[in-house]
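Values quoted throughout were computed directly from the atomic coordinates according to the rules given, and no laboratory measurement underlies them. These numbers were taken from a predicted model, which means no experiment stands behind them. A quick note on method: Cβ atoms are made from the backbone with ideal geometry, for glycine too, and the neighbour counts reach across all protein chains shown.
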Amino acid sequence: EFAILHGEIVKRSEAKVDVEDRGYQFGDGVYEVIRVYNGKMFTEHEHLNRLAKSTDSIGISLPFTNENLKGLLVELIEKNKLQNGIIYMQVTRGVALRNHAFPTEYVTPCLTTYTKKIERPVDSMRSGVKTILTEDIRWLRCDIKSLNLLGNVLAKQKAAEAGCFEVIQHRGQEVTEGSTSNIFIVKNDIVITHASDHLILKGITKDVLLVVCAKNNLRVEERMFTIEELKQADECFLTSSTSEVMPIVEIDGNKISNGIPGPITRKLQEWFGQEIEKQCGS
Ligand code: PMP
């Protein structure tokens, strides 16, 4: 297995960072997860653009262009013979003497990247998954794909302890997103999901799906919705790069859409599958 460290492909066992890396000490960095199907990246431009947006938003200037990065990722996929899986990329502010304020001297940002094999979650995509509600205790810049994931980690652990796949987070009555996914409901054939503001991550899967909805004349509302609307929804699903379009069939022990994936959710899964096919072949 190989990994990327500072723009070089190295043996994974040699991709080591210092104990004073600011990502390690402060979570002072950002990351991306890019899906790979049949050895080809899916929506890599969108992911690399989001990575650039994340680094810009916290004042890290990456010493690589998207073209450089893409070339490196293609090489890494080949070297690791990755067919189906993910690429994990992380950029931290770099290594410096521990001090909360940014280093005053120039420090090279630390880019690390590795790959992991995973298959499409076909069984749970067919059966749907269980979820629980939990208060969203995260900070107010959830639009940055930051390494500070403690809020998400604690939320996901609650789901794990409840035997659930994911949490549905809410701020008071307002539903925001999952711990690692965006949340959608369907009511009277309208697809509803939180607007991509500072309270949620602007998911690439979410955006692909919104385009797919528009193409198929499905009405979409990107707006705040409440826990009450969630409970009254006809269908519910989550989206992420690894989970694709994942039906939610239970919330806090109560069945939604009779405990089976709804018809619009299944249609969206099929259309999303066609987008994968288009970009990455079968
Ligand atoms: N929200 C959060 C908090 C996430 O961690 C993720 C997964 N990256 C998403 C939403 C979904 O984003 P994407 O579709 O780009 O994977």
Inset, instruction - Step through the table entries Lys79/Lys206; Lys130/Lys231; Lys40/Lys215, compare each Cα-Cα distance with 22 Å, and write down the pairs that go over it. - result: Lys79/Lys206; Lys40/Lys215
Inset, instruction - Counting helices only, and only those DSSP H runs with n ≥ 4, report the 222 nm mean residue ellipticity of the chain as the sum of -39,500 (n - 2.57) divided by its residues, in deg cm²/dmol to the nearest 500. - result: -9000 deg cm²/dmol
Legend entry - Gaussian network model of the chain, Cα within-10 Å springs - most flexible of Gly203, Gly39, Gly151: Gly151
Inset, instruction - Please give every one of the aspartates and glutamates within straight-line cross-link reach of Lys156, meaning a C-alpha to C-alpha distance under 17 Å, and leave out same-chain neighbours fewer than 8 residues apart. - result: Glu135, Asp136, Glu166, Glu177, Glu250, Asp252
Inset, instruction - Write down Rg/Rh for the stretch 144-227, rounded to two decimals, with Rg from the C-alpha atoms and Rh from the Kirkwood relation over Cα pairs. - result: 0.99
Inset, instruction - Enumerate by residue number the trypsin sites (Lys or Arg not before Pro) in the stretch 174-282 meeting two conditions: DSSP loop (anything except H, G, I, E, B), and at most 12 other Cβ atoms within 10 Å of the site's Cβ. - result: Arg223
Inset, instruction - Can you check what the Kirkwood hydrodynamic radius comes to for the stretch 214-271, Cα pairs only, in Å to one decimal? - result: 12.4 Å
Inset, instruction - Could you work out how far helix 44-57 tilts from the main Cα principal axis of the chain, as a 0 to 90 degree angle to the nearest 10? - result: 70 degrees
Legend entry - Translational diffusion coefficient (Stokes-Einstein; Kirkwood radius from C-alpha pairs) of the stretch 42-172 at 4 °C, 1.567 mPa s, in µm²/s: 73 µm²/s
Inset, instruction - Please list the equivalent ellipsoid semi-axes of the stretch 122-280, computed as the square roots of five times the alpha-carbon gyration tensor eigenvalues, in descending order and whole angstrom. - result: 22, 18, 16
Inset, instruction - For Lys202, go through the lysines and keep the ones whose alpha-carbon is under 17 Å away, minus same-chain ones fewer than eight residues off. - result: Lys53, Lys145
Inset, instruction - Among the chymotrypsin sites (Phe, Trp or Tyr not before Pro) in the stretch 104-154, which ones are in a DSSP loop with at most 13 other Cβ atoms within 10 Å of the Cβ? Mind listing them? - result: Tyr106, Trp139
Inset, instruction - Per residue of the stretch 116-128, in order, report the coupling 6.51 cos²θ - 1.76 cosθ + 1.60 (Karplus, θ = phi - 60°) as ³J(HN,Hα) in whole Hz, putting x for Gly and Pro. - result: 9, 7, 8, 9, 5, x, 4, 5, 5, 5, 7, 8, x
Inset, instruction - Return the single residue from Met89, Met246, Met224 with maximal mean-square fluctuation; model: Gaussian network over the chain, springs between Cα atoms under 10 Å. - result: Met224
Legend entry - Cα pair distances exceeding 32 angstrom across the chain, given as percent: 27 percent
Inset, instruction - Would you mind computing the Rg to Rh ratio of the stretch 165-207 from its alpha-carbon coordinates, Kirkwood style for Rh? - result: 0.94
Inset, instruction - Under a 10 Å cutoff between Cα atoms, tell me which one of Gly85, Gly59, Gly178 has the largest fluctuation in the Gaussian network model of the chain. - result: Gly59
Inset, instruction - Would you please report the Å³ per residue occupied by the convex hull of the alpha carbon atoms in the stretch 2-117? - result: 91 Å³
Inset, instruction - Give, as a single signed number, the net charge of other residues whose beta carbon lies under 12 Å from the beta carbon of Glu221, with Lys and Arg counted +1 and Asp and Glu -1. - result: 0
Inset, instruction - Pick out, in residue order, every one of the trypsin sites (Lys or Arg not before Pro) in the stretch 74-116 that is DSSP loop and has at most 14 other C-beta atoms within 10 Å; say none if there are none. - result: Lys81, Arg98
